[in-house]
Amino acid sequence: MSGLSHLGDALAIHARLYPEKIGARDLERAMTFREWYARACRLANALLGIGLAKGDRVCVLAYNCVEWLEIYAATALAGLVAVPINFRLTGLEARYIIENCEGAALIVQDELFDTIESVRADLPLNDNRYIAFGANARRAGYRVYEELLAAARNTPPGVAVTAADTCALMYTSGTTGKPKGAIRSHRANAMVSMVTDVELSLMRRDSALLVMPMCHANSLYFFGAFTYLGAACTVYSRKSFDPEHLVRVMAEGGATFTSLVPTHYIMMLGLPDAVRARYNVDAVTKLMISSAPARRDTKLAIMEYFRNSGLFELYGSTEAGWVTMLHPDEQFTKLGSVGRESVGSRPIRLLDAEGNDVPDGEAGELFSCNAQTFEGYWKLPEKTAEAFRGDYCSVGDLARRDEEGYLYLVDRKSNMIISGGENVYPSEVEALVGGHPKVKDVAVIGVADEKWGERVHAVIIARDGEPATEDEILEWCRTRIAGYKLPRSVSFIAEADMPRTATGKILHRALRVQFDADKA
């Protein structure tokens with residue numbers, strides 16, 4: 001791989017150097033590095049054995065579980081491309097990704113059969129390339145994951161994989177309402193890992209608790225960072241979030257690091273004092289908070305409870321990797337900042353609409369340039385071109401810089417809503433709500449929510465003479481879109497009251513100000 005190892009290579013080294021050390025586990029089972037590598041090799045050979053070839057896309061639909069760590073390592077060893085699918089998506093949403101990426105195989109957890117079966121008749125997959133795992137994996141039309149592994153060799157498949165080869169297609173929602181596949185190379189992902197190891201001063205004795213979904217870039221990137229070091233990873237294999245259970249796992253599981261969104265921290269800190277006092281979390285020495293803005297009081301409470309831990313904050317994206325980092329000693333001298341350039345980055349540029357650098361203190365579109373950046377969007381050359389200015393990449397976020405070089409985000413990409421750490425793009429929800437026969441026009445915004453950070457709110461202009469109710473609209477949406485994207489509330493306004501630009505575009509920012517004030 002031209003001198004830069006991929007995840008499978010890194011795992012091979014640790015299997016030789018630390019064969020009996022626990023390398024991967026979830027809340028149900030654990031594997032040593034030797035066992036993990038052997039199973040990854042078996043899966044790599046099994047996938048090639050059913051007719052897959054280097055570069056083929058392998059779609060994966062599963063809740064958090066240790067199998068994700070096997071699959072990511074196996075696809076790297078086989079030169080295949082992992083395509084994680086968010087388990088919260090509906091069948092139609094999953095189908096779009098499988099079709100768009102031209103998936104060659106699908107690995108699905110038994111608990112998510114219904115998602116696939118609802119659209120299977122329309123999927124373009126070979127019938128012998130549906131693979132299932134879990135206690136009830138044996139089902140007509142699916143090959144059993146464990147049986148495939150048992151029949152395959154536990155030695156590396158010998159596929160030549162280069163640093164430039166694609167290792168994953170990470171689908172992110174877009175302003176068109178359809179997800180875009182971000183092309184991640186082995187080189188870029190390896191560099192995210194190296195930067196993480198340096199920025200967080202990670203060591204082999206550290207261990208990660210991966211709570212964020214394994215289909216997200218957040219967990220994939222931190223998983224890579226710990227695996228390259230030979231440090232252990234634990235996947236938090238719970239389908240729903242229980243704050244006391246997570247605190248107990250952090251106290252008793254031995255992890256020194258985890259990455260959470262503000263909602264997770266708020267829910268843990270909201271536990272009664274007597275409950276939190278039952279658990280000693282001093283083993284946790286590093287915490288990451290990201291994916292949504294965090295209030296000062298939240299940060300203070302985090303550091304008071306996790307008194308032995310340093311709190312890091314970052315700004316990054318699936319496309320650009322870790323762009324900036326704020327360290328524990330900077331949390332309160334630079335409150336609200338997302339930090340400065342991560343290690344190895346070229347200077348961040350903040351540009352105006354004409355492509356000129358803006359002066360300190362003024363807002364501009366943030367462009368970053370680093371070795372972690374993606375290769376472009378799958379089959380979307382125009383969108384790829386829009387994301388780059390030369391070697392510099394942007395995902396559309398606006399920021400300002402202070403005189404010491406610290407960056408502050410001032411707006412999110414295309415009015416994106418961040419609810420519980422999940423990105424929700426208004427255009428996608430607007431397309432759905434706008435399909436209701438009684439809706440003339442609609443704007444979807446995020447309004448402040450104490451628990452989730454933001455919740456999805458629809459502002460609707462009803463068709464003349466066809467009044468609709470909030471319940472009617474919410475029921476219309478319920479089975480048509482993933483739960484985290486669902487509007488939680490609806491307002492109806494007159495057409496004349498919808499704020500617009502001179503060209504007729506809805507001013508989402510004005511609506512957010514109005515409805516946040518109304519909800520206050």
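Taking square-rooted eigenvalues a ≥ b ≥ c of the alpha carbon gyration tensor, is the range 416-519 rounded, prolate or oblate, where a/c under 1.5 means rounded and, failing that, a/b exceeding b/c means prolate?
oblate
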Inset, instruction - With no solvent and one equal point scatterer placed on each C-alpha of the range 187-234, evaluate the Debye formula and give log10 I(q)/I(0) for q = 0.15, 0.16, 0.24, 0.29 Å⁻¹, two decimals. - result: -0.32, -0.36, -0.81, -1.12
Inset, instruction - Multiply the residue gap between Ser201 and Ala510 by 0.36 nm, knock off their C-alpha separation, and tell me the result in nm, one decimal place. - result: 107.0 nm
Inset, instruction - Output the antiparallel fraction of DSSP beta bridges having both residues in the range 1-186, as a percent to the nearest 5. - result: 35 percent
Legend entry - Estimated translational D of the range 368-434 in µm²/s (Stokes, Kirkwood radius over Cα pairs; 4 °C; 1.567 mPa s): 90 µm²/s
Inset, instruction - Provide the net charge surrounding Arg248, with neighbours chosen by a C-beta distance below 11 Å and charges set as Lys +1, Arg +1, Asp -1, Glu -1. - result: -1
Legend entry - Taking Arg278, Arg88, Arg400 and counting other C-beta atoms within 10 Å, the order from fewest to most: Arg278, Arg88, Arg400
Legend entry - For Glu147, Glu93, order by how many other beta-carbon atoms lie within 10 Å, fewest first: Glu147, Glu93
Inset, instruction - Please give the length that would be gained between Val275 and Leu92 if that part of the chain were fully extended, namely 0.36 nm times their separation in residues minus their C-alpha to C-alpha distance (nm, one decimal). - result: 61.7 nm
Legend entry - Cβ-derived FRET efficiency at R0 35 Å, Glu475 paired with Arg139, nearest 0.05: 0.65
Legend entry - Cα radius of gyration and Dmax for the range 1-186 (Å): 15.9, 49
Legend entry - Cα-Cα P(r), the chain, percent of pairs per 10 Å interval: 4, 18, 29, 28, 16, 5, 1, 0
Legend entry - Inter-label distance for Glu495 and Arg153, nm, one decimal - labels placed 7 Å from Cα along Cα-to-Cβ: 7.0 nm
Inset, instruction - Name the shape class, rounded, prolate or oblate, that the alpha-carbon gyration tensor gives for the range 316-364, where a ≥ b ≥ c are the square roots of its eigenvalues, rounded holds for a/c under 1.5, and otherwise prolate holds if a/b is larger than b/c and oblate otherwise. - result: oblate
Inset, instruction - Give the share of C-alpha pairs in each 5 angstrom bin for the range 192-293, from 0 to the last occupied bin, in whole percents, shortest bins first. - result: 2, 13, 24, 26, 19, 11, 4, 1
Legend entry - Peptides 323-330, 423-430 ordered by average Cβ neighbours within 10 Å, highest first: 423-430, 323-330
Inset, instruction - Tell me which residues come under 5 Å, amide H to amide H, from Cys233 once H is placed; ignore anything under 5 positions away on its chain. - result: Ala24, Arg25, Ala208
Inset, instruction - Take the alpha-carbon centre of the range 428-462, take the same for the range 58-76, and report the distance between them in whole Å. - result: 34 Å
Inset, instruction - Can you grab the distance from the C-alpha centre of the range 84-120 to the C-alpha centre of the range 211-237, Å, no decimals? - result: 22 Å
Inset, instruction - May I ask you to derive the FRET efficiency for Arg463 and Arg120 from their Cβ-Cβ distance with R0 = 41 Å, giving the value to the nearest 0.05? - result: 0.65
Legend entry - Convex hull volume per residue for the range 1-104, taking Cα atoms only, in Å³: 107 Å³
Inset, instruction - Let me know the volume per residue of the alpha-carbon convex hull for the range 238-370, in Å³. - result: 132 Å³
Inset, instruction - Could you run the Karplus curve 6.51 cos²θ - 1.76 cosθ + 1.60 with θ = phi - 60° over the range 436-449 and give me ³J(HN,Hα) per residue in whole Hz, x for Gly and Pro? - result: 5, x, 9, 9, 8, 8, 8, 10, 10, 9, x, 10, 4, 9
Inset, instruction - Can you work out the PRE-style zone for Asp242? Point 7 Å along Cα to Cβ, and I want the residues of the range 194-217 with backbone N under 20 Å. - result: 209-214
Legend entry - Amide H contacts under 5 Å for Gly310, placed H, 5+ residues apart: Lys286, Leu287
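Using DSSP, restrict attention to beta bridges with both residues in the chain and report what percent are antiparallel, rounded to the nearest 5.
55 percent
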Legend entry - the range 279-308 and the range 341-398: distance between their alpha carbon centers, rounded to Å: 30 Å
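No value in this document is a laboratory result; all are computed from the given coordinates. For clarity, every value in this text was computed on a predicted model and none was experimentally measured. All Cβ positions, even for glycine, are placed from backbone atoms using ideal geometry, and neighbour counts span all protein chains on display.
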